[in-house]
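Each reported figure results from applying straightforward, stated rules to the coordinates on display, with no laboratory input. Owing to the predicted nature of the structure, the values given are computational and were not obtained by experimental measurement. Every residue, glycine as well, gets a Cβ built from its backbone with ideal geometry; the counts of neighbours run over all protein chains shown.
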Amino acid sequence: MAADYPDIDIAPFIDHALLTPTATPEQVEQWCGQADRFNFASVCVYPAYVKQAAELLHGKKPQVCTVIGFPTGATTGAVKLYEAQEAVENGAAELDVVMNLGWLKAGKTDAVHREIAEICEETGKPIKVILETNLLTDAEKKLAAELAMDAGAAFLKTSTGWNGGATVADVRLLKEVARERVGIKASGGIRTLEQALDLILAGATRLGTSRSIDLIRQRDNLEKGE
């Protein structure tokens, strides 16, 4: 495998995710320590843990990321906006916002755009819009991506991980639509170093995964020739 891939340090691509329903404060502390140790881009936690993560990572390089409207995207726009604003007040530097897919499929594109635009404008933070690509046709993926970018999104994110994970094909499609205007976050089901590198080479600029430490171990073992 080493000969097949360029020498890429995957750590700065990683959003170190702790999004299990049973996540504890002790795990948040552990995840933040790992993010700092390995130079991950961020720790992604539920809104309830943003304040704790922000305190733990104060003055350190990894950002605090949280999820909004997670995992369905079907809460109201007012609730999403409040959730986003509160998260920022508590120290979140990046927000992963789930798009309302029911609205998208119903053709309510103005409502989809308005909801995302309000969050972008009111928080002033980088917004990663979760498109949940596994539930969309290619045409819907392209429409969702354009709406998100027009609304001010900083990243297009493939998935929550609750309905399937990221694919190389979807990352390539989003890269083609984005045309370098925004970042692309591949998320869900990333368990191996080979998967991670394939997604980066396809165009991903961030990787959302709870298996970050496994990926680092695989990288280290590869460098040792194991």
note = the range 22-80: spread of alpha-carbon positions along the three principal axes, whole Å, largest first, is 37, 22, 17
key: Max mean-square fluctuation residue, GNM over the chain, Cα-Cα springs under 10 Å, options ILE116, ILE68, ILE216   = ILE216
remark   = Expressed in angstrom and ordered largest first, the alpha-carbon extents of the range 134-182 along the principal axes are 25, 17, 17
request  = Rank GLY183, GLY102, GLY91 by mean-square fluctuation in a GNM of the chain with C-alpha springs under 10 angstrom and give only the top-ranked residue.
outcome  = GLY102
ask   = How much net charge surrounds ALA139 when only the other residues with a Cβ under 12 Å from the Cβ of ALA139 are counted, with Lys and Arg +1 and Asp and Glu -1?
value = 0
inquiry  = Give me a comma-separated list of calculated 3J(HN,Hα) values for the range 195-207, in order, Karplus coefficients 6.51, -1.76, 1.60 applied at θ = phi - 60°, integers in Hz, x for any Gly or Pro.
reply    = 4, 4, 5, 4, 5, 5, 5, 6, x, 5, 10, 9, 10
key: For the range 117-217, alpha-carbon Rg relative to the globular expectation (2.2 N^0.38 Å, N residues)   = 1.03
query = Where the eigenvalues come from the Cα gyration tensor of the range 1-123, what are the semi-axes √(5λ) of the equivalent ellipsoid, largest first, in whole Å?
reply = 28, 20, 13
remark   = Mean shadow area (nm²) of the C-alpha convex hull around the chain is 11.7
inquiry  = Under a Cβ-only charge scheme (Lys and Arg +1, Asp and Glu -1), can you give me the dipole magnitude of the range 93-197 about the Cα centre, in debye to the nearest 20?
reply    = 240
request  = Calculate for the chain the 222 nm mean residue ellipticity that helices alone would give, adding -39,500 (n - 2.57) per DSSP H run of length 4 or more and normalising by residue count, nearest 500 deg cm²/dmol.
outcome  = -13500 deg cm²/dmol
inquiry  = Per-residue counts of other Cβ atoms within 10 Å, averaged by peptide: what ranking do you get for 11-22, 43-54, highest first?
reply    = 43-54, 11-22
